[in-house]
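Okay, structure first, notes after.
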Amino acid sequence: MAQVIKSDTLEDAMARNPHLRRYIDEFRRKYGRIPEFHAQLSRDMKDIPYPNILYPVGDPIFVHIFTDVKTGDKKYIVIEPRIETPLEELKYGMIKDKILELAPTKEIPEDPEEFERFLDAMFDEAVLALVKGKKKIGKKGERFTLTKDEMEKFRYLIKRDIIGIGPLEPLARDPYIEDIHIIGANYVALVHKIFESMPTNITFGDNIKLADYLKNISERIGRPVSDRNPIVDGALPDGSRINIIYSPDISINGPSATIRKFAATPISIVQLISWGTLSAEVAAYLWIALEYGMSVFVCGETASGKTTLLNSIIPFIKPGSKVYTAEDTPEVHVPHPTWQRLITRERGPEESRVTLFDLLKAALRSRPNYIIVGEIRGAEGSIAFQAMQTGHPVMSTFHAGDIKKMIQRFTGHPINVPITFIDNLNIAVFQQAVYLKGKFLRRTVSVVEIEGYYEELGGVATRNVFEWDPVTDKHIFRGFNNSYILERKIAEIAGYEDPKDIYNELFLRARILQRMVELGITNYWDVYREVKAFYKRGIEGLSFRL
């Protein structure tokens with residue numbers, strides 16, 4: 001597969017990768033300039049009006065973000081070894097066929113690294129057999145030979161197509177991509193973390209090839225797609241979520257798919273604070289809430305950053321806790337050693353299927369300290385509330401834009417939670433994708449405490465403890481000296497004589513998180529280590545001074 005080599009200079013990269021040199025030479029001839037080469041990108045690049053930036057995602061793959069100054073059109077261009085002539089296509093096809101012919105006689109290893117070495121050996125054996133066979137190819141009846149450039153190119157493409165995910169492999173490798181959208185064979189677009197939405201130069205040729213590709217991917221992930229079963233959700237080998245719509249009579253412009261990229265290392269709470277998604281005080285409030293077993297739901301619309309925020313606050317759960325996760329597709333990441341990770345099984349005979357409802361019922365018997373549900377959508381919501389009622393704290397994500405809509409959805413069909421049970425949920429955090437000063441940003445717009453159902457009010461009493469002010473882009477602590485959860489729930493459990501003293505603890509933890517921002521301690525695992533050390537020895541356990 002692609003080697004992760006961070007090139008220092010464009011010259012170094014071109015010396016190792018002839019296809020990159022050819023691309024740069026052609027670009028220079030056409031536009032009279034060359035792209036700016038960056039080994040890594042920064043969020044400040046978002047402000048560049050006409051980006052012309054090239055970066056590596058691991059040899060031999062490079063990405064060029066280019067904006068045409070005349071039209072203002074921005075494009076994501078994948079630069080990788082490509083088959084350029086019919087003769088090369090013929091040779092590549094022969095090597096693939098030879099490998100398939102030789103493979104049944106071999107013992108195929110299951111370990112990914114061993115399989116890659118096995119594929120290298122198979123490639124060499126297939127090439128040697130074709131060269132020795134003196135087979136005539138092409139219109140001129142030439143003997144089968146390979147140049148060094150072809151050898152490297154074909155080796156990369158074989159691995160890309162067999163181990164990787166084919167034409168989309170460069171996008172899977174790029175850490176700066178959030179979503180990938182395929183609509184028909186010749187339109188692949190994406191959402192970039194820095195340069196936002198843009199089309200790519202990736203093509204599948206025609207809709208028949210795209211349908212074959214999606215069918216192959218769906219079989220590899222164990223969720224086969226067909227005309228009878230045209231819509232499929234699943235997870236790619238790297239954990240990214242994929243939704244496939246296969247049939248042309250449903251997807252008018254040809255087969256389509258959406259991929260939500262999965263980050264191997266989750267984004268930390270400190271990183272989110274540094275980006276302004278939430279304040280250190282909001283994070284400190286959630287830290288105390290999770291330490292003392294409060295149930296927290298992260299709510300918001302699609303692509304508002306719910307799962308990202310959920311993952312970032314999980315390290316606040318006490319280190320020795322048993323955490324039980326139930327999901328349709330694995331997106332939740334738990335750093336705790338005692339992590340029971342379960343996913344649904346939607347295929348097969350009715351009696352062998354396992355739903356989120358089933359997993360949550362099983363959770364009640366496995367004595368976890370925390371139950372985390374990837375996303376509540378249906379009847380499993382009522383089981384989540386039953387779990388809370390029996391003393392099991394629950395975390396989840398949920399589609400709702402504000403507290404009123406959240407309560408309406410939980411108390412309505414198909415979840416049907418009695419309104420008098422709503423106060424089993426302690427805290428609802430609301431996320432939103434906002435358009436601020438010409439930029440799309442994600443913000444925690446409010447944190448709401450659920451106090452309880454009051455018959456005399458004819459409804460549920462709630463308190464806004466934090467609100468985001470779009471004018472100043474700051475989070476206002478409305479719950480200071482007025483928090484029901486901190487004073488009436490947590491301070492009592494923690495044994496504070498004066499419940500107001502708990503705010504000192506909140507501000508201390510906010511200072512710890514803010515200090516981590518200042519010191520650049522933003523890696524998820526580094527943040528987890530500091531939180532764990534704080535639980536063990538207080539501020540003395542931290543690796544820095546406040």
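When Rg and the Kirkwood radius Rh are both evaluated on Cα atoms of the stretch 70-149, their ratio Rg/Rh stands at 1.13. All distinct Cα pairs of the chain go into the 1/r average, and the inverse of that average, the Kirkwood radius, is 26.4 Å.
From the cross-link list 70/159; 209/261; 46/306; 489/532; 30/153, which pairs have alpha carbons spaced over 32 Å apart? Don't skip to the answer; put the middle values down first.
On the way: 70/159 39 Å; 209/261 23 Å; 46/306 23 Å; 489/532 23 Å; 30/153 25 Å.
The pairs that break the limit, which is 32 Å between Cα atoms, are 70/159.
Figure note: 454, 435 ranked by solvent-accessible area, largest first, 1.4 Å probe, ligands and nucleic acids not counted: 435, 454.
With a Förster radius of 25 Å, plug the Cβ-Cβ distance of residue 405 and residue 441 into 1/(1 + (r/R0)^6) and report the FRET value to the nearest 0.05. Before the final figure, lay out each step's value.
Working: r = 22 Å, r/R0 = 0.88.
After rounding, the FRET efficiency stands at 0.70.
Rounding to the nearest 20 debye, state how big the charge dipole of the chain is about its Cα centre with +1 on each Lys and Arg Cβ and -1 on each Asp and Glu Cβ.
Values: 73 positive and 74 negative charges, 224 e Å.
With only Lys, Arg, Asp and Glu charged at Cβ, the dipole is about 1080 debye.
Please identify the longest segment of the chain free of exposed GluC sites (Glu not before Pro), where exposed means a DSSP state other than H, G, I, E or B and no more than 15 other Cβ atoms within 10 Å. It would help to have the intermediate numbers written out before the result.
Details: sites that count: 84, 107, 110, 301, 346, 455, 456, 497.
The segment 111-300 is the longest one with no such site.
Its Cα gyration tensor gives the stretch 372-486 an equivalent ellipsoid; the semi-axes, largest first and in whole Å, are 26, 18, 13.
One chain, two ends: residue 42 and residue 142. Fully extended at 0.36 nm per residue, the span grows by 31.0 nm beyond their Cα-Cα distance.
What trypsin sites (Lys or Arg not before Pro) in the stretch 216-308 are in a loop by DSSP, with at most 12 other Cβ atoms within 10 Å of the Cβ?
On the way: sites: 220, 228, 241, 260, 261, 306; in loops: 228, 261.
Those that pass, being in a loop and sparsely packed, are 228.
Within the stretch 58-105, all pairs of alpha-carbon atoms sorted by distance into 10 Å bins from zero give the percentages 20, 25, 28, 17, 7, 2. Hydrodynamic estimate: the Kirkwood radius of the stretch 309-460 over Cα pairs, inserted into Stokes-Einstein at 4 °C and 1.567 mPa s, corresponds to D of 78 µm²/s.
Based on alpha carbons, the Rg and Dmax found for the stretch 233-337 are 16.8, 52 Å.
The values are calculated or read from the model by the stated rules, or taken from the named source; none is laboratory data. Keep in mind it's a predicted model, so treat the numbers as computed, not measured. Note that we place each Cβ from the backbone using ideal geometry, even for glycine, and neighbour counts take in every protein chain shown. Just the protein is used for accessible areas: all its heavy atoms, side chains included, with ligands, DNA and RNA removed. Shrake-Rupley method; radii C 1.70, N 1.55, O 1.52, S 1.80 Å.
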